[in-house]
Amino acid sequence: MNQRRSDRVPGGPPPVEASGLHRVEANSTPWKVLALPPLPEEAVRNLLGSLGDRVAVSVPAARDRESLLAALGDAEIVVGDWSGGLALDAEAVRAAPGLAFVQQPSVGVDGHDLAALAEAGVPLANTAGVSAIGVAEWCLAAALALSRRLLDADAAVRAGRWPQLDLGPAELYGSRVGIVGFGPIGEAAARMFAAHGCEVSYWTRTPREVPYTYREIGDLVASSHVLVLVIPLTEETRRLIDPSLMPAGSLLVNAARGQVVDSAALLSALESGHLGGAALDVFDTEPLPQDDPLRGSPRVLLSPHVAGVTPQSTGRLIRCVLDNLEAAIEGRPVANVVNGVDAVVGRRS
């Protein structure tokens with residue numbers, strides 16, 4: 001894999017890169033930044049305005065693959081499509097001979113070909129951690145709403161009923177909560193559920209030194225009253241969770257990606273009553289199709305992929321993107337590189 005290495009001698013000059021990249025002084029030719037939709041061009045230019053004449057910003061002619069490929073020819077830095085609609089696969093990477101850095105303005109990097117970018121020596125960075133508090137709060141709120149049956153209570157009272165004795169809400173306090181994924185979101189969720197008096201366990205591909213119990217994934221799924229999904233989507237995690245293996249009456253909270261859950265098993269577990277309920281902020285197809293059977297399930301709390309969309313999270317995201325772009329054009333290491341490439345960005349020669 002043709003990755004760039006950082007072998008600088010302290011106090012010495014920047015190295016010349018064998019991969020055809022070289023360092024450029026901050027006041028040289030403006031960097032060509034391609035910003036992808038869905039943000040409007042005017043909004044993009046306003047957001048990147050603080051970088052001044054150090055960057056020359058462009059956008060594709062249209063929001064389609066053909067326009068993306070055409071625009072990549074001159075791009076040195078790409079600010080990605082936060083919705084995942086336009087992604088850099090291997091063909092797109094080949095169409096960008098001058099590409100030196102990709103900044104994805106989201107935590108997920110779905111669709112990008114990490115191996116192709118790494119092979120080209122192009123670091124791909126995300127905005128890890130910016131939405132951790134927002135998503136973790138949503139997970140706790142969703143679990144409380146399901147356990148206390150808040151939506152059912154609201155609907156009943158609005159319909160003129162008064163199910164005080166047969167609604168059947170339960171306390172979340174003291175529940176066994178399993179968290180699948182333990183990045184910044186999982187860690188924040190663990191703190192919140194533990195502070196609420198829950199017994200927290202977790203699974204991740206790399207166990208951590210944390211004050212929570214690590215369990216293998218099968219054990220975690222089979223033993224959790226509330227299962228919280230906050231893990232990235234990869235080939236390893238696709239359809240990782242089979243809800244039929246959860247305890248009877250348990251609750252599923254998914255703020256990861258729809259494809260992490262076996263969709264057929266989820267519907268079956270909901271329809272049979274095996275699951276006590278599910279809160280879903282993510283789906284296999286987004287927006288959720290009109291004919292999707294999840295819309296008709298009374299045991300599901302539906303949310304439009306909005307768990308991390310708060311003013312506070314958005315502010316942190318914008319700051320993270322701008323800080324990384326400034327670091328890139330100044331030759332300083334960028335943060336949150338996810339594909340193993342040297343974090344110091346260099347221009348193509």
Seminar exercise, completed: Computed D for the chain, Stokes-Einstein, Kirkwood radius over alpha-carbon pairs, 37 °C, 0.692 mPa s, to the nearest µm² per second, is 149 µm²/s
Exercise. So how long is each side of the stretch 159-302 along the principal axes, counting just the alpha-carbon atoms, biggest first, in Å?
Worked result: 51, 36, 23
Problem set entry | Backbone HN-Hα couplings from phi across the stretch 53-70 [Karplus 6.51/-1.76/1.60, Hz, Gly and Pro as x] | 7, 6, 10, 10, 8, 9, 10, x, 5, 8, 8, 8, 5, 4, 5, 4, 4, 5
Problem set entry | Cleavage-rule hits (GluC sites (Glu not before Pro)) in the stretch 127-194: DSSP loop, at most 15 neighbouring Cβ within 10 angstrom | Glu171
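Using the Kyte-Doolittle scale, find the helices of the chain whose mean hydropathy is at least 0.0 and whose Cα atoms extend 24 Å or more along the helix's long axis, counting only whole DSSP H runs.
Within the chain the helices that satisfy the rule are 311-330.
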Problem set entry | Rg(Cα) / (2.2 N^0.38 Å) computed for the stretch 252-324, rounded to two decimals | 1.34
Exercise. Points 7 angstrom from Cα along the Cβ direction at Leu245 and Val210: gap in nanometres?
Worked result: 2.0 nm
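Grab the Cα-Cα distance for Glu199 and Thr285, subtract it from 0.36 nm times how many residues apart they are, and report the gain in nm with one decimal. Please report the intermediate quantities before stating the final value.
Working: separation 86, 0.36 × 86 = 30.96 nm, distance 3.29 nm.
Gain on stretching Glu199 to Thr285: 27.7 nm.
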For this session: Would you list the P(r) distribution for the stretch 223-277, with all Cα-Cα distances sorted into 5 Å bins from 0 and each bin expressed as a whole %?
Result: 5, 23, 32, 25, 12, 4
Seminar exercise, completed: Residues whose built amide H sits under 5 Å from the amide H of Trp31, excluding neighbours closer than 5 in sequence, are Val55, Ala56
Exercise. Expressed as a rounded percentage, what relative contact order does the chain have, with Cα pairs under 8 Å and six or more residues apart?
Worked result: 19 percent
Seminar exercise, completed: Semi-axes of the stretch 218-347 from the Cα gyration tensor (sqrt of 5 times each eigenvalue, largest first, whole Å) come to 36, 17, 13
For this session: Search the structure for amide H atoms under 5 Å from the amide H of Ile179, placed 1.01 Å from N in the peptide plane, and list their residues when 5 or more places away or on another chain.
Result: Ser201, Tyr202, Trp203, Val228
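From largest to smallest, what semi-axes in whole angstrom does the stretch 75-117 give when each is the square root of 5 times an eigenvalue of its alpha carbon gyration tensor?
They are 16, 11, 8 Å, listed largest first.
Read-outs throughout are calculated quantities, based only on the coordinates presented, and are distinct from any laboratory measurement. All values derive from a computational prediction rather than experimental measurement. Here Cβ is always computed from backbone atoms with ideal geometry, including for glycine, and neighbour counts include all displayed protein chains.
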